[in-house]
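Below is one structure, written out as structure tokens, with a few remarks after it.
The values are calculated or read from the model by the stated rules, or taken from the named source; none is laboratory data. None of these values were measured; they are calculated from a predicted model. All Cβ positions, glycine included, derive from the backbone under ideal geometry; neighbour counts span all protein chains shown.
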Amino acid sequence: MDISPTSATSPPPRPTRAATRAGDRIFLALSRGSGVLLLVIMAAIAVFLTVRAANAISEDEGNFLTTFAWDPNSAHPTFGIAVLAFGTVVSSVIAMAIAVPIAVGIALFVSHYAPRRLASPLAFVIDLLAAVPSIVYGLWGALFLVPHLSGVYSWLDDYFGWTGVFSYSGGPSRSIFTISILLAIMILPIVTSVSREVFLQAPKTQEEAALALGATRWEVIRMSVLPFGRSGVISASMLGLGRALGETMAVATVLSPGFVINASLLEPGGGTFAQNIASSFKESGELGKDALIASGLVLFALTLLVNGAARMIISRRKEYTA
Amino acid sequence: MSDVIVDRPTVSDSAPLPPAGLHRPRLPRWAPAVVAALAVAAGVGIGLGAGLSSRAQWGLIAAILFVAVMYAAAARVEGLRQAKDRLATSLVWVCFLLAVVPLVSLLWETIARGIKVLDGAFLSHSMAGVLTIQPGGGVYHAIIGTLEQVGIATAIAAPIGLLTAIYLVEYGRGRLAKVVTFFVDVMTGIPSIVAGLFILSLWIIMLDFSYSGFAGSMALAILMMPVVVRSTEEMLKLVPNELREASLALGVPKWRTILKVVLPTAIGGITTGLMLAIARIAGESAPIVLLVFGSQVINNDPFEGAQSSLPYYIYEQWANGNDASYDRAWAAALVLIAFVMILNLVARAIARWKAPKTGR
């Protein structure tokens, strides 16, 4: 990804008269222009969202950060992101907690366990999960997963209901925990593919040395592959977290929203930034749209932070191993 | 995305088991298969006996039984270290199966429920004049919308993405290239709904245009650009430097070298990346909800008036909340998945057929 001067394929610097030819100048201007255009778009996204958001927040009669309501269209606009922030962060973190161990398992399966001839078709099957559009996940989640989960939830309630977090009264399970499961399925492919790449790069000599000393396959993985891949797995999970934070349609179809924070994750209610934007957009007036844009800005900042951190870890690791 | 295009380094054969002849008793090779079969049988038996309705619970029981029995057997016969190894192997297999279950279930549900109403009439009619609770109607207007919106988005994003990648690989040096690289990475992570909100505030609120397919296309283009840049960049880096040097040595200007030598060499991989990017945005529905507004009738003009699109159509039909609409939603989901999967498969076929011609 990084353009380093040592990269074998980058052409040598040639400050010759070729650069002065008209064709070259036009081409350079065009290609540099597109690069700059990308930066301009990024800046414009931040600026435009901020302008609309500032407008909305100045009209808000509640506290934008702590109000438990979303009512920007009334005469006394009151809205706050507390419920949305809670729902977004909790559902994404649970999704990550479910997905990362499974994804690491799959990555190890593809890189070290699967029969060699099967490895790349199997990796392809996992990549197919990424190709399914999110609205189809939503449809499947709402019409197939939700009815099938109520049995599991009753069981959880029987044994863990006393914690309060897993109490369940038997309605349709269109809850935060259900969307966490759905999000976990959706972020599996990206976490898997990044982890797999890292595991495949683990130094073969170390693995062979461990095997020669009589280590079992699991000991090889624990002693040489996992320590090598740790930072890669961390950044992979953060990329997955970034995906989960911004997922819209799957959440909007499955979750039954409500502006309350439920102690139980299995009961309907709550919401996420993206879901709230998609669900309440059509009923929004002028200020309502600005309020949604303000919540979108928070989401934008959140994903920027998570993704930036993930990229930083990847590039630091790259320098370290290079 | 890029990881599927770049050839994987060959794995040296997965770790061979240590030789069995060193007087260490081992479980026979068929043991895992037998235990797995028994565990499945026990899972079904317990499930039926205890009256558990959910198949997922049967599977879970079988998986837990398999892992536990294998661990116990290995610990007895082979010793604790081997048992741990067996445990890890079983868990890794269980992880893989866990991931395949939702994929198979999703594809199966979509095909089984979608095939019911999917026929020629469904593909060639719109929803004009069809009540939501009555069967009939179709997706023609949504297909038109998707094709036009995705086409326009590609027309905007492909040239910009290609040129940016060329800049980064062929010209890029110094601060600007570093900044662009970083922000392309960051841009990959922008949630689709945020791209939609941006176009909403710029195009519809500030410039006061109305909802149209074109507004949706612009948001899709923003989502597509970084994907195109990233995949094209990877492909251009694979072009051997000798080709560039040979062309430059013959006195060919740099821009003609790029157009006539570098791009044709990498064209297979670039096409693959482009098609994967198209497949990705074809399934986006969040920006469409904000910018295109949805419509029940055929609107061939993407620049004027509300349109529909396949993902939006699915959302709309689901929101209607009755059986006839659910049937239509599943059928449209089947059409959309088929479209996206075909794009994916063709893209991978091109990647294999026109594998990047690297130096040897």
message: Cβ-Cβ under 9 Å, sequence separation 6+ or interchain: first residue in region B:322-339 and more than 9 Å from chain A (Cβ to nearest Cβ) and free of Cβ contacts under 8 Å to residues at least 40 places away in the same chain, partner surrounded by 20 or more Cβ atoms within 10 Å (Cβ to Cβ) and assigned to a helix (DSSP H, G or I). Which pairs?
response: none
task: For region B:268-325, name all the residues that are touching a helix residue (DSSP H, G or I) at 6+ places or on another chain (Cβ under 7 Å) and either aromatic (F, W, Y) or not assigned by TED's automatic domain parsing to the domain that holds B:R230 (or both).
output: B:F303, B:Y312, B:Y313, B:Y315, B:W318
query: In region A:266-277, is there at least one residue being without any contact (Cβ under 8 Å) to a residue 40 or more places away in the chain, among the small types (G, A, S), assigned to a helix (DSSP H, G or I) and closer than 22 Å to B:P191 by Cα?
result: no
task: List the number of the failed condition for B:V150; all other conditions in (1) free of Cβ contacts under 8 Å to residues at least 12 places away in the same chain; (2) under 30 Å from A:R311 (Cα atoms); (3) aliphatic (A, V, I, L, M) hold.
output: (1)
All positions within region A:131-155 that are among the hydrophobic types (A, V, I, L, M, F, W, C), closer than 22 Å to B:W318 by Cα and in a helix (DSSP H, G or I): A:A131, A:I135, A:V136, A:L139, A:W140, A:A142, A:L143, A:F144, A:L145, A:V146, A:L149
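This table checks each residue for (1) of a type outside the set (S, T, Y); (2) more than 9 Å from chain A (Cβ to nearest Cβ); (3) not in a helix (DSSP H, G or I).
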| residue | (1), (2), (3) |
| --- | --- |
| B:T146 | no, yes, no |
| B:V150 | yes, yes, no |
| B:F183 | yes, no, no |
| B:V186 | yes, no, no |
| B:I190 | yes, no, yes |
| B:M218 | yes, yes, no |
| B:L223 | yes, yes, no |
task: Would you check if B:E109 is within 14 Å of chain A (Cβ to nearest Cβ), among the acidic types (D, E) and under 18 Å from A:V136 (Cβ atoms)?
output: yes
- request: Tell me which residues, restricted to region B:188-217, are aliphatic (A, V, I, L, M) and crowded, with 24+ Cβ neighbours inside 10 Å.
  value: B:I193, B:V194, B:A195, B:L197, B:I199, B:L200, B:A215
message: Among the residues that make up region B:166-178, is at least one of them under 30 Å from A:V220 (Cα atoms) and touching a Lys or Arg at 6+ places or on another chain (Cβ under 9 Å)?
response: no
query: over 30 Å from B:R256 (Cα atoms) and in a helix (DSSP H, G or I): does that describe B:V100?
result: yes
Single match in A:T178, A:T205 (criterion: hydroxyl-bearing (S, T, Y), surrounded by fewer than 23 Cβ atoms within 10 Å (Cβ to Cβ) and either under 28 Å from the mean Cα position of the chain (by Cα) or more than 23 Å from A:F86 (Cα to Cα) (or both)): A:T205
query: If you go through region A:183-222 one residue at a time, how many are under 30 Å from A:M249 (Cα atoms) and polar (S, T, N, Q)?
result: 3
- prompt: Would you pick out the residues in region A:140-160 that are free of Cβ contacts under 8 Å to residues at least 12 places away in the same chain and either closer than 23 Å to A:I221 by Cβ or hydrophobic (A, V, I, L, M, F, W, C) (or both)?
  reply: A:W140, A:L143, A:F144, A:V152, A:W155, A:F160
- prompt: With A:I102, A:I98, A:I45, A:I57 as the choices, which residue is in contact (Cβ under 8 Å) with a residue 60 or more places away in the chain and more than 14 Å from chain B (Cβ to nearest Cβ)?
  reply: A:I57
- prompt: Hey, does region A:132-139 have a residue that's of a type in the set (F, W, Y), buried (at least 24 other Cβ atoms within 10 Å of the Cβ) and in contact (Cβ under 8 Å) with a residue 60 or more places away in the chain?
  reply: yes
message: Here is a list: A:R316, A:R243. Which entry is out of contact with any strand residue (DSSP E or B) (no Cβ under 7 Å at 6 or more places or on another chain), modelled with pLDDT under 85 and assigned by TED's automatic domain parsing to the domain that holds A:V132?
response: A:R316
query: Can you name every residue in region A:172-229 that is of a type in the set (D, E) and in contact with a Ser or Thr (Cβ under 7 Å, 6 or more places away or on another chain)?
result: A:E207
- request: Pick out, from region B:259-360, the helices (runs of 4 or more DSSP H) lying fully within it that include 3 or more residues that are touching an Asp or Glu at 6+ places or on another chain (Cβ under 9 Å) and closer than 25 Å to A:E247 by Cβ.
  value: B:323-353
- request: State all residues of region B:66-115 that are exposed (fewer than 14 other Cβ atoms within 10 Å of the Cβ) and in contact (Cβ under 8 Å) with a residue 60 or more places away in the chain; if no residue qualifies, say none.
  value: B:I115
- line: Wholly inside region A:157-247, helices (runs of 4 or more DSSP H) that include 2 or more residues that are closer than 26 Å to B:F96 by Cα and out of contact with any helix residue (DSSP H, G or I) (no Cβ under 8 Å at 6 or more places or on another chain) are A:204-212, A:226-246
